[in-house]
Amino acid sequence: MTPGNELAGKVALVTGGARNIGRAIARSLAAAGAAVMVNANTSRADAEQTVAMIKQGGGRAALHIADVTSAPAVTAMIEATLKQFGRLDFLVNNAAVRRETPFAEIKLDEWRRVLASMLDGAFICTQACLPHLKRAGGGAIVNIGGLTGHKGALDRAHVVTAKAGLAGMTKALALDLAPHAITVNCVVPGTIDTVRGLPGAPARPEHRRALPPAGRRGEPGEIAAMVRMLCGPDARYITGQSIHVNGGGLMP
């Protein structure tokens, strides 16, 4: 293995890769030598910037706009990935819709949209990628969870439920896919220093401003580093785990 090039010849699909943690993951995998298909649904300009950053660094990347809750759209995205790069080795399920609404005020449509973005999206993408991961001789699936799924949070019942579900899905898939040399893990970010929402979005609520014992918010690159490690050759004996990267904010 060449240091800094441990994923050379591999191909990754990163959903929700337009900005913040998704962008950091895409850039980190590309820095390790993987070609990266960057997915976004609505943030085309940000996703184009992510691809440009990777190419400027000497990496290979492409963009595909798709709603991960649509099976036909995901199928088209996988086909585009194979046409562009010839194979598929890694799937990072990062796409998510997050809302903050008091439980009594959550409408069924909002509930379903939040759960669909994380759980349905991860299900559809994983099923679509599975034949190609098998064909590649194994690979890695990394789900991006959330601290709220393990700790709870105010006004985020749908998000908490979805993130907890991802942790459970991770265990189920790890068992099902182990015979195919495919590892499945969940990286659980703590409080991360990310750009919040769109311009004009409300400030972070007071109850979400507290710092963990480390005394600072994490960086997107610190989450990306864990994802990169889990995709690499030194992590082939790690599967079915929820790995917390949170500065001590939760010690399960």
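Read the figures in this text as sums done on the coordinates, not as results from a lab. These figures come from a predicted structure and were not determined experimentally. Cβ: placed from backbone, ideal geometry, glycine included. Neighbour counts: every protein chain shown.
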Margin query: What is the angle, in °, between the Cα long axis of helix 20-31 and the longest principal axis of the Cα atoms in the chain? Nearest 10 is fine, range 0 to 90.
Written below: 20
Checklist line | Sites Leu108 and Ala8 - FRET efficiency at Förster radius 35 Å, r taken between beta-carbons, to 0.05 | finding: 0.15
Next item on the list: Would you give the gap between the C-alpha center of segment 84-103 and the C-alpha center of segment 138-181, rounded to a whole Å?
Entry: 12
Next item on the list: Would you work out the relative contact order for the chain, in percent, from Cα pairs under 8 angstrom that are 6 or more residues apart?
Entry: 19
Next item on the list: Kindly write out, for segment 49-58 in residue order, the coupling ³J(HN,Hα) from the Karplus curve 6.51 cos²θ - 1.76 cosθ + 1.60 (θ = phi - 60°), rounded to whole Hz, with x marking Gly and Pro.
Entry: 5, 4, 4, 4, 4, 5, 5, 5, x, x
Item checked: Thr161-Tyr237 pseudo-label distance in nm [points 7 Å out on the Cα-to-Cβ vector] -> 4.0
